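S.K.: My questions all concern the structure below.
The values are calculated or read from the model by the stated rules, or taken from the named source; none is laboratory data. Since the model is a prediction, treat every value here as computed from it, not as a measurement. Positions of Cβ are generated from backbone atoms using ideal geometry, with glycine treated the same way; all protein chains shown enter the neighbour counts. What goes into the accessible areas is simple: the full protein's heavy atoms, side chains included, and nothing from ligands, DNA or RNA. Shrake-Rupley method; radii C 1.70, N 1.55, O 1.52, S 1.80 Å.
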Amino acid sequence: MTTESNDSSDGANSGAGSEAKAPRRLFLRASGLALCGGSCLAVLGPGLQLIAYPIGNETVTGRGRYVAVGDAEQFNEGALPVKVDIVTERGDAWNRTEAAKIGSAWVMRRNGRIHAYSAACPHLGCSVDLTSEAEASAHGPGFICRCHDSFFAGDGSATQGPSPRGLDELEVREVEGELEIRFERFRYGTPEKTPV
Amino acid sequence: MNSWLEERLPIAWVGQTLRGMRLAEGADWRHCLGMVAAFLFVQQCVVGTLLALYYSPSASDAWASTAYIQDRVAGGWVLRGLHHHGMSALVVVCGLHLVAIVTRRSYAGRREIVWLSGLGMGGLVLAFSMTGYTLTFDQNAYWATQVRTGIAATLPGGDLVNRLLLGGGEFGNLTLTRQFVLHAFVLPGAVLGLLVVHVLGFWRRQQVAAQEFPPPQALAVDERSYWSGQCFIDVVAMFVVTVILVYATIQTHGAPLGAPAEADSNFLARPEWFFLFLFELLHHFDGPTRFVGTVLIPGATLCFLASVPWLGRTRSRQRFVTLGCALILCGWASLTVMAIVKDQRNPELAETIAAQEEAAREARRWAKMGVLPPGGPVVFHNDPTYRVRTLYSEHCAKCHSLDPEAEPEAPVLRDYASRAWVAGLIRTPRAPQYYGATKHSDMEPYPESELPAADLEALVEYLVSLGRTDIRPASDGALVAKGAALFEEHSCDSCHEVEQHSSGDAPNLWGHGNLEWVEAMIRNPSDELLFGESAEMPSFADDLDKADIRRLAEFVVELRTGPPAPEGDATRP
């Protein structure tokens, strides 16, 4: 057999027969694969954590807290619903905007209580409007979503069209005369109202 | 399955070619460097891609998104650390690879293309470092870029190159987008291209060598196969490098990040360690000899290195090549050491750098709350004391300046209503630091002759006992009683009421200096409990809301009591 002089190196094979090499080769292959795996893990471990970060963490914040929208007294009994902008501090990844509009709500007072409905249509999220005179006479007064023609009655319940449920009611409270609305988003296209 | 693929793709051919990979001289540790460099390059690409899931190359977002990765995203700091230290490792491994090639004269034997493509990749690796350094848009990035564009401007065509690289006349949005495109798309593509040429180049030489030196040399086929020995060596080397990188990452908790870039500031920037030699070199060639350091020496070095395969045609000339390269290496090393030692011997530098690092820590602390849209230095606005300092300078500082050098136009508020302040007021109410600059001149001074020191002490103690919340009067009741007696004796009570809610000709002294007293003062100094209609200070009830007045009052009180103990966590609602 050749006596090729290799410089000392752990991996080099001696000039022995192939039968004697088999366990050594197996060892080299197994440990080589293990080391490869280790090298990849150093990157893949934190890499997968990084990729999956938005799954366990809210990267866009601002929803879910009570936001002051104005004097509770301005909403009169039986008056037309008023569209109110929900403006609050919003976090978006590394950003923080102090007064960002995170959504809007239709607010009205019925039977003494104030009701607020999310202006996001439960069908696919387009903005819901009040019906015009023509639309009201054709489909009844209330709300209309002009993206796909979903109609809602004055109390928010769905009357016609593709929307699977009525307008999503939002939690409200009054603090020192100020109306506060807790703006949330709900899953689109389902008959049940589930917060996301 | 195999035959289905085999009919559509040249799998067997690929397999054969791979299995046939051979080295001219069997497995050796020194041969691993090229593969390790390639491994590091691939790792940098993968890690870079992962980082790009969160990084945003815009002037308002670059720093904030980097801080986000470093301090908020899970695993972010690890990847940043691997990327940062990986860069250093790549430079070291490429350098060692070059040294190995030169010492073994592997540039000879018609391997000019291999050599040149390798050199090109080395240059691109440095370009990676320069482009990547700017992307964080922190102070280091900004000022290092200023230095580099300054140097480039002195070279012919430099202004044009600067404009192209900066995307304009200054470091801004377009700089970041361009540097990002270079760093993430153009340079990796270029390296890949050169790598292919490099590999094809030495593969061809292996082919030719196998043809020119038939069987006898190529006998021990197995020993020469890449897979029988060298592969394992390479894998071990890659693993060792990975371990080193992970260790370094953990030690430094990721990669450094300075405070956000600020155009008008004083900042001492330092380049990456492997560029320190250039930094040091240029110190020795400033002014008219500048071009020696910027053009001559680098240019000569580059020309020498590029011509190595042609220079090293004969044995004796190969020794000359080795000597030249050794000289370059020594030059690089000594300049680097000189730069490091010079910095270490400079105590002022250490202070400046410590201050800069403190600013960086502050910035990153406030960034955890989220950075306002303008980005960068705006992060400091998250600091609540920032707001009050701005309010103070807008509304109060004109008269109540905090600058000890300034001419007082109203009572100096430093240490306001402390024992010392009160004592000083009683002694010299018409001094400029009290009411001397105002029109309030009714109060007479009480010098030593009228009010001996012991009496003054008692009087002050009595005043301090009048409902003060942050100062406790002496437990010696006798002293306070003596002070009360003196208060009447000297007719202080003819102007100054001490009962709560009683108005007189001068400010009511109950709780003087307390938060509520100061708040009331800011709200309306013309209140009858304070200075009444003759007040010179304007009222701020209409200009400032309750919260801001309270903040300012707290600020004034803190001028006496000092700031409150620091909170443990940076996050605030």
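S.K.: Which of the strands (runs of 3 or more DSSP E) contained wholly in the stretch A:76-190 include at least 1 residues that are within 30 Å of B:Tyr55 (Cβ to Cβ) and hydroxyl-bearing (Ser, Thr, Tyr)?
M.R.: Passing ranges, in order: A:82-92, A:95-110.
S.K.: Restricting the stretch B:1-35 to residues that are touching a residue at least 24 places away in the same chain (Cβ under 8 Å) and part of a helix (DSSP H, G or I), which is most open to solvent (accessible area, probe 1.4 Å)?
M.R.: So, considering only residues that are touching a residue at least 24 places away in the same chain (Cβ under 8 Å) and part of a helix (DSSP H, G or I), the one most open to solvent (accessible area, probe 1.4 Å) is B:Arg19.
S.K.: Out of the stretch B:531-555, which residues are open to solvent by 80 Å² or more (accessible area, probe 1.4 Å), farther than 21 Å from B:Thr438 by Cα and in a helix (DSSP H, G or I)?
M.R.: B:Lys546, B:Arg550, B:Arg551
S.K.: Right, something else. Quick check on this structure: which one of B:Ser117, B:Ser56, B:Ser65, B:Ser60 is touching a helix residue (DSSP H, G or I) at 6+ places or on another chain (Cβ under 7 Å) and part of a helix (DSSP H, G or I)?
M.R.: Values: B:Ser56 fails: part of a helix (DSSP H, G or I); B:Ser65 fails: touching a helix residue (DSSP H, G or I) at 6+ places or on another chain (Cβ under 7 Å); B:Ser60 fails: part of a helix (DSSP H, G or I).
On inspection, the qualifying residue turns out to be B:Ser117.
S.K.: Could you tell me which residue of the stretch A:38-65 is farthest from the other protein chains (Cβ to nearest Cβ), considering only residues that are part of a strand (DSSP E or B) and surrounded by fewer than 16 Cβ atoms within 10 Å (Cβ to Cβ)?
M.R.: Step one: filter the stretch A:38-65 for residues part of a strand (DSSP E or B), giving A:60-62, A:64.
Of the ones still in play, those that are also surrounded by fewer than 16 Cβ atoms within 10 Å (Cβ to Cβ) are A:60, A:64.
Numbers: A:Val60: 11, A:Gly64: 13 Å.
Only one residue fits best here, namely A:Gly64.
Rundown of residues vs (1) open to solvent by less than 50 Å² (accessible area, probe 1.4 Å); (2) of a type in the set (Gly, Ala, Ser); (3) at positive phi, yes/no style:
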site: A:Leu124; (1), (2), (3): no, no, no
site: A:Glu133; (1), (2), (3): no, no, no
site: A:Asp149; (1), (2), (3): no, no, yes
site: A:Asp155; (1), (2), (3): no, no, no
site: A:Ser163; (1), (2), (3): yes, yes, no
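S.K.: Tell me whether the stretch B:354-377 contains one or more residues that are touching a Gly at 6+ places or on another chain (Cβ under 6 Å), open to solvent by less than 40 Å² (accessible area, probe 1.4 Å), modelled with pLDDT of 90 or more and in a helix (DSSP H, G or I).
M.R.: Within the stretch B:354-377, the subset touching a Gly at 6+ places or on another chain (Cβ under 6 Å) is B:360, B:370.
Right, trim to open to solvent by less than 40 Å² (accessible area, probe 1.4 Å) and you get B:360, B:370.
Pick out the ones that are also modelled with pLDDT of 90 or more and you get B:360, B:370.
Adding the requirement that they be in a helix (DSSP H, G or I) leaves B:360.
Yes: one or more hits.
S.K.: Residues in the stretch B:379-396 that are farther than 16 Å from A:Glu89 by Cα and within 16 Å of the chain's Cα centre (by Cα): how many?
M.R.: 1
S.K.: Something else: Give the residue, chosen from B:Leu268, B:Leu281, B:Leu245, B:Leu276, that is in contact with a Lys or Arg (Cβ under 9 Å, 6 or more places away or on another chain) and on the phi < 0 side of the Ramachandran plot.
M.R.: Numbers: B:Leu268 fails: in contact with a Lys or Arg (Cβ under 9 Å, 6 or more places away or on another chain); B:Leu281 fails: in contact with a Lys or Arg (Cβ under 9 Å, 6 or more places away or on another chain); B:Leu245 fails: in contact with a Lys or Arg (Cβ under 9 Å, 6 or more places away or on another chain).
On inspection, the qualifying residue turns out to be B:Leu276.
S.K.: Which of (1) more than 10 Å from chain A (Cβ to nearest Cβ); (2) more than 23 Å from B:Leu135 (Cβ to Cβ); (3) touching a Gly at 6+ places or on another chain (Cβ under 9 Å) does B:Thr17 not meet, given it meets every other one?
M.R.: Looking at each condition in turn, B:Thr17 falls short on (3).
S.K.: In the stretch B:52-82, which residues are open to solvent by less than 20 Å² (accessible area, probe 1.4 Å), more than 7 Å from every other protein chain (Cβ to nearest Cβ), hydrophobic (A, V, I, L, M, F, W, C) and out of contact with any strand residue (DSSP E or B) (no Cβ under 9 Å at 6 or more places or on another chain)?
M.R.: Passing the criteria: only B:Ile69.
S.K.: Let me ask you something else. What number goes with the only condition from (1) open to solvent by less than 10 Å² (accessible area, probe 1.4 Å); (2) touching a residue at least 24 places away in the same chain (Cβ under 8 Å) that A:Val69 does not pass?
M.R.: Condition not satisfied by A:Val69: (1).
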